[in-house]
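What follows is a set of notes on a single structure, which appears directly below.
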Amino acid sequence: MKRLYVVIPCYNEEEVLPETAKRLKVKMQALIQGGAITPDSRVLFVDDGSKDGTWGLIQRFHGEDPLFGGLKLSHNQGHQNALLAGLLYAKDHCDAAISMDADLQDDIEAIDAFLREYEKGADVVYGVRSKRETDTFFKRTTALGFYRIMGLLGVEMIPNHADYRLMSQRALEGLAQYREVNLFLRGVVPLIGYPSAQVYYERHERFAGQSKYPLKKMLAFAVDGITSFSIKPIRLITALGFLIFLVSLVVLLYTLCTKLFGYTVDGWATILGSIWMIGGIQLLCLGVIGEYIGKIYRETKARPRFLLECVLDEDTPSSSTMQ
Ligand code: UDP
Ligand code: MG
């Protein structure tokens, strides 16, 4: 039997939280009675600096039943950071943690399947949406475009997986070693490695309240995801510089020929040739400088260089994580 933490970031969710708590309580009790999880398992709400009565509700749930716990962030730090706060807290208290949204969009019935995969040996179980019919056309196409772009930029991501997932204690220890400030969980978790599995579930409509991800936040999220994982945009600059430099050679040849045949006004060839050439050289130099900035960016992230999955040695217990 394992101790499970369900971590739920909440930002202004007073409308939906009572229903979420009610349903989760039923689910957790069933799991405890069925022997799937220990009786001291928890539902941990993380209040991400809400301005409404969310924290008051969490306090009330905690007072009524020790099944519910709460963390309160001092300020609104965004979904990813709130989730991280919950997961890092859970790391020291549980055998496995499941992260899910507060709005009941993630089907809580999938938890059984998560736990089964975990028992079979998966350290990370991804909840993957079987269809996207409950989303608007706009959200569906933009999401698809986003996964495509990320794929092209070489960032490994599980398509149609949001932040509904189970992570074992060992995977959480691994996550804790990614100390970058701009944390993009969906990109980082696949990097942690270890055996993983996927569970398909149907995503529902938001039960109550408004989405906390307006277009502006969604765009910022996408840009954050790209820029915290890929230096390919810098490489594009170098490639463009090289291309323009090549074009400039052709332009130079063309202007020289035209000048030789005497069809030009004075100074035309020099100006045209140098505009292209200098433009190309400048872009190329920017790309070179960018390469070094890319290196600095990687160094400053100070990501773990490896995580051990298994050790076969007489003196060391197996399955330890080390940096
Ligand atoms: N959330 C958060 N901080 C924020 C924005 C959102 O903790 O600044 C939480 C929110 O309470 C919810 C989850 O992140 O539990 C996902 O947000 P939402 O359901 O609004 O996003 P959507 O499903 O519309 O993409
Ligand atoms: Mg939602």
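Kindly indicate which of 264, 258 is β-branched (Val, Ile, Thr), open to solvent by less than 50 Å² (accessible area, probe 1.4 Å) and outside any helix (DSSP H, G or I).
264
Residue 229 - would you say it is among the aromatic types (Phe, Trp, Tyr), over 30 Å from residue 143 (Cβ atoms), touching a residue at least 24 places away in the same chain (Cβ under 8 Å) and surrounded by 13 or more Cβ atoms within 10 Å (Cβ to Cβ)?
no
Being outside any helix (DSSP H, G or I), farther than 21 Å from residue 301 by Cα and of a type in the set (Gly, Ala, Ser) is the filter here; which residues of the stretch 192-241 pass it?
Across the stretch 192-241, the qualifying residues are 196, 197, 208, 209, 211.
Which of the helices (runs of 4 or more DSSP H) found entirely inside the stretch 1-116 contain at least 1 residues meeting this: touching an Asp or Glu at 6+ places or on another chain (Cβ under 8 Å), within 25 Å of residue 128 (Cα to Cα) and open to solvent by 20 Å² or more (accessible area, probe 1.4 Å)? Steps first, answer last, please.
Working: elements: 17-33, 54-64, 79-91.
Counting at least 1 such residues, we get 17-33, 79-91.
Go through the stretch 194-215 and report how many residues are open to solvent by 30 Å² or more (accessible area, probe 1.4 Å) and more than 26 Å from residue 20 (Cβ to Cβ).
Qualifying residue count for the region: 2.
Which pairs have Cβ atoms under 7 Å, sit 6 or more apart or on different chains, and link a residue in the stretch 149-166 that is open to solvent by 50 Å² or more (accessible area, probe 1.4 Å) to one that is basic (Lys, Arg)?
Close Cβ pairs satisfying both conditions: 154/232.
The values are calculated or read from the model by the stated rules, or taken from the named source; none is laboratory data. Model, not experiment: these values are computed from the prediction. Quick reminder, even Gly has a Cβ in these numbers, built from the backbone with ideal geometry, and neighbours come from all protein chains shown. Ligands, DNA and RNA are excluded from the accessible area calculation, which covers all protein heavy atoms including side chains. Shrake-Rupley method; radii C 1.70, N 1.55, O 1.52, S 1.80 Å.
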